[in-house]
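**Q** After the structure tokens below, expect a handful of questions from me.
The values are calculated or read from the model by the stated rules, or taken from the named source; none is laboratory data. Computed from a predicted structure; not experimentally measured. We place every Cβ from the backbone using ideal geometry, glycine too, and count neighbours over all the protein chains shown. Note: areas computed on protein heavy atoms with side chains; ligands, DNA, RNA excluded. Shrake-Rupley method; radii C 1.70, N 1.55, O 1.52, S 1.80 Å.
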Amino acid sequence: MKRGKKLIVLAGALAAVLVLYLGVTLVTRHISDKNAVTETQGAFAATSFTADDIRSITWTNLGNEYTISKTDDGWTLDGHDGFRLNQDDAAAMADAVSALKATRRLDGGVEDSAYGLAEPALTVKIALNDGSEITLAEGDKNDVTDAYYLRVTAGESVVYTVETDLQTAFDQKLADLFVKETLPSLSESAQRVVLTRADDEITLVCSTDDDGNAHWYEETADGTRTLNDETAQMLYDTIRDFAWYELVEWNADADALSGYGFDAPTAVVRAESLNDDGETTVWQVEIGGEFSSSYDYVRLPGSAAVYRVKNELRKLAADYSYSDYADKTVLTVDAEAIESLTLTVRGEAHTLRIWTETVAATPGEATPAAASEATSGEGTTVRCASLDGNEWSPDSYDEIVSHLLALEAEDALTSVPEHADEPVLTVSVQTADAQSDVSFSVSELDAEHSLILRSDGAIFQFSAADADALIRALTYALK
């Protein structure tokens, strides 16, 4: 009996343990099933509202929270009165969160840390016109499906995967949302460029000849000085290509503007061009201090918006010098326009003339020895030359003109330095229209340099060795 009772007791204990085990197992399985994540593929509406339903959108970028609100006049940036909000960017944000389509839905015990939702990459709050609010939290990207995990309204257990990366629309700095001020468009028909600097003002003017070629000059109190057309045009083209790079501050006060260097601007650049309607377009910017070695602070005169831009314009404006821009060609006339030359070489004067004659094309008729011929249907055009009234070779004349037109100065000066009073060479050029007549003299300056003074007031520094070579060449050609 004792043994039988013991078996009964053991059997009862075993049954109790089995019941307990089964109970714990069932409870655990129930909890596990309850927390399991159920994944469903298909087409789901993560958000069902449209852009027209949105009243405001709030998001955080780089620790700063921004809110844009819709008004009758469009989107505005809250707390920034007068901010020129880019309406296209604002509309893109509204479109990005509206009617979001999902490709998968995850239900159940979704752990935020497993999907990047514990610290979302982006959180966007949307206030709708009906008074409701919706929060979107974007988590990690699924590298297999290239979709992003998205929770709609915090606290819900449902997580979607969407193909839209909301950060593309909302990864915006304040400067990115600002509509930069518009610069006038300058035409190719330049009129003038004015560079106002701390201690002077430079005015460059442009005129166009009958062939449409632009010619640049610098205005001075004594008249105009000829500039190198290509160099001056490069300055104008730099102005035409100028563009804002990035907004630095959109509403700078007086102290901020002073800090950017606008209390004493490096330069004010003004350009004028003629538009297709025959009216003048005016373009003007103010250059402040340096942002860095490659960028400067620039603004429209009187504006509270400050930008940083590449420093090409500042270099050209602040470093401008007549010497760098001057046309260093000593004679700027065309060879065909020259009718006669008067040369005085080391005190010996000579007069050279060139002209053409047309003679009848008679077979076997001899032409002058000092002439070159061009035969036409009506006769023969003959180039004739003379030296001091005597018949001379047109080729020798052309050689001298070629030497003179090739003269290129080393430097252009703004004042006449002390030099030898007696020129070693004087050249006077007479042209067909007389208005292009010009003369210049070459004098000794020092052991290495000569001085060229032109009749229009241009002053050039010339190599002494080149001056000696020129005089030797002229002396030889005039024999």
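**Q** Answer yes or no: is there a residue in the stretch 101-111 that is among the basic types (K, R), in a strand (DSSP E or B), open to solvent by 60 Å² or more (accessible area, probe 1.4 Å) and under 15 Å from W59 (Cα atoms).
**A** So far as the stretch 101-111 goes, no, none of its residues is among the basic types (K, R), in a strand (DSSP E or B), open to solvent by 60 Å² or more (accessible area, probe 1.4 Å) and under 15 Å from W59 (Cα atoms).
**Q** Does A477 satisfy the criteria of being at pLDDT below 95 and open to solvent by less than 60 Å² (accessible area, probe 1.4 Å)?
**A** So A477 passes the test.
**Q** Ok, one more. Residue check, L117 against (1) more than 44 Å from the chain's Cα centre (by Cα); (2) open to solvent by less than 20 Å² (accessible area, probe 1.4 Å); (3) not small (G, A, S), all met but one. Which one?
**A** Answer for L117: the failing condition is (1).
**Q** Which of the residues spanning the stretch 153-188 are at pLDDT 90 or above, open to solvent by less than 60 Å² (accessible area, probe 1.4 Å) and either over 32 Å from the mean Cα position of the chain (by Cα) or basic (K, R) (or both)?
**A** Within the stretch 153-188, V159, Y160, T161, V162 qualify.
**Q** Another question about this same structure. Go through the stretch 86-100 and give me each residue that's surrounded by fewer than 17 Cβ atoms within 10 Å (Cβ to Cβ), touching a helix residue (DSSP H, G or I) at 6+ places or on another chain (Cβ under 6 Å) and either among the hydrophobic types (A, V, I, L, M, F, W, C) or not in a loop (DSSP other than H, G, I, E, B) (or both).
**A** Passing the criteria: A92, D95.
**Q** Provide a single number: the residues in the stretch 280-317 that are assigned to a loop (DSSP other than H, G, I, E, B), within 25 Å of E230 (Cα to Cα) and either open to solvent by 40 Å² or more (accessible area, probe 1.4 Å) or in contact (Cβ under 8 Å) with a residue 40 or more places away in the chain (or both).
**A** The number of residues fulfilling the criteria is 1.
**Q** So, in the stretch 260-276, of the ones that are part of a loop (DSSP other than H, G, I, E, B) and among the small types (G, A, S), which residue ends up surrounded by the fewest Cβ atoms within 10 Å (Cβ to Cβ)?
**A** Once the filter is applied, the top-ranked residue is A264.
**Q** Can you tell me how many residues in the stretch 125-139 are surrounded by fewer than 14 Cβ atoms within 10 Å (Cβ to Cβ) and either on the phi < 0 side of the Ramachandran plot or in contact (Cβ under 8 Å) with a residue 40 or more places away in the chain (or both)?
**A** 4
**Q** Out of everything in the stretch 140-152 that is part of a strand (DSSP E or B) and touching a residue at least 24 places away in the same chain (Cβ under 8 Å), what residue ends up being most open to solvent (accessible area, probe 1.4 Å)?
**A** Residue satisfying both the conditions and the ranking: K141.
**Q** Restricted to the stretch 384-396, and to residues that are in a helix (DSSP H, G or I) and out of contact with any Lys or Arg (no Cβ under 8 Å at 6 or more places or on another chain), which residue is least open to solvent (accessible area, probe 1.4 Å)?
**A** Restricting to residues being in a helix (DSSP H, G or I) and out of contact with any Lys or Arg (no Cβ under 8 Å at 6 or more places or on another chain), the top hit is S396.
**Q** Out of all the residues in the stretch 234-259, which are open to solvent by 50 Å² or more (accessible area, probe 1.4 Å), without any contact (Cβ under 8 Å) to a residue 60 or more places away in the chain and either among the basic types (K, R) or outside any helix (DSSP H, G or I) (or both)?
**A** Scanning the stretch 234-259 gives R240, D241, E249, D253.
**Q** Kindly indicate which of T76, T71 is within 28 Å of V179 (Cα to Cα), open to solvent by 30 Å² or more (accessible area, probe 1.4 Å) and modelled with pLDDT of 95 or more.
**A** T76
**Q** Applying the selection to the stretch 363-375, what residues are open to solvent by 60 Å² or more (accessible area, probe 1.4 Å) and either hydroxyl-bearing (S, T, Y) or modelled with pLDDT of 95 or more (or both)?
**A** T375, the sole residue that qualifies.
**Q** Return the total of residues in the stretch 451-474 being free of Cβ contacts under 8 Å to residues at least 12 places away in the same chain and buried (at least 19 other Cβ atoms within 10 Å of the Cβ).
**A** Summing the residues that are free of Cβ contacts under 8 Å to residues at least 12 places away in the same chain and buried (at least 19 other Cβ atoms within 10 Å of the Cβ) in the stretch 451-474 gives 0.
**Q** Out of contact with any Pro (no Cβ under 9 Å at 6 or more places or on another chain), touching a residue at least 60 places away in the same chain (Cβ under 8 Å) and among the polar types (S, T, N, Q): which single residue out of S56, S69 fits that description?
**A** Only one candidate passes the filter, namely S56.
**Q** Something else: Any idea how many residues of the stretch 193-222 are loosely packed, with under 13 Cβ neighbours inside 10 Å and either charged (D, E, K, R) or out of contact with any strand residue (DSSP E or B) (no Cβ under 9 Å at 6 or more places or on another chain) (or both)?
**A** The total comes to 10.
**Q** Might you let me know whether the stretch 134-144 holds any residue that is in contact with a Cys (Cβ under 9 Å, 6 or more places away or on another chain) and either aliphatic (A, V, I, L, M) or closer than 30 Å to T60 by Cβ (or both)?
**A** No, the stretch 134-144 contains no residue that is in contact with a Cys (Cβ under 9 Å, 6 or more places away or on another chain) and either aliphatic (A, V, I, L, M) or closer than 30 Å to T60 by Cβ (or both).
**Q** If you don't mind, there's one more thing I want to ask. Can you give me the number of residues within the stretch 223-232 that are surrounded by fewer than 18 Cβ atoms within 10 Å (Cβ to Cβ) and either closer than 20 Å to V298 by Cβ or of a type in the set (S, T, N, Q) (or both)?
**A** 3
**Q** Output the residues belonging to the stretch 191-233 that are in contact (Cβ under 8 Å) with a residue 12 or more places away in the chain and assigned to a helix (DSSP H, G or I).
**A** Passing the criteria: D229, T231, A232, Q233.
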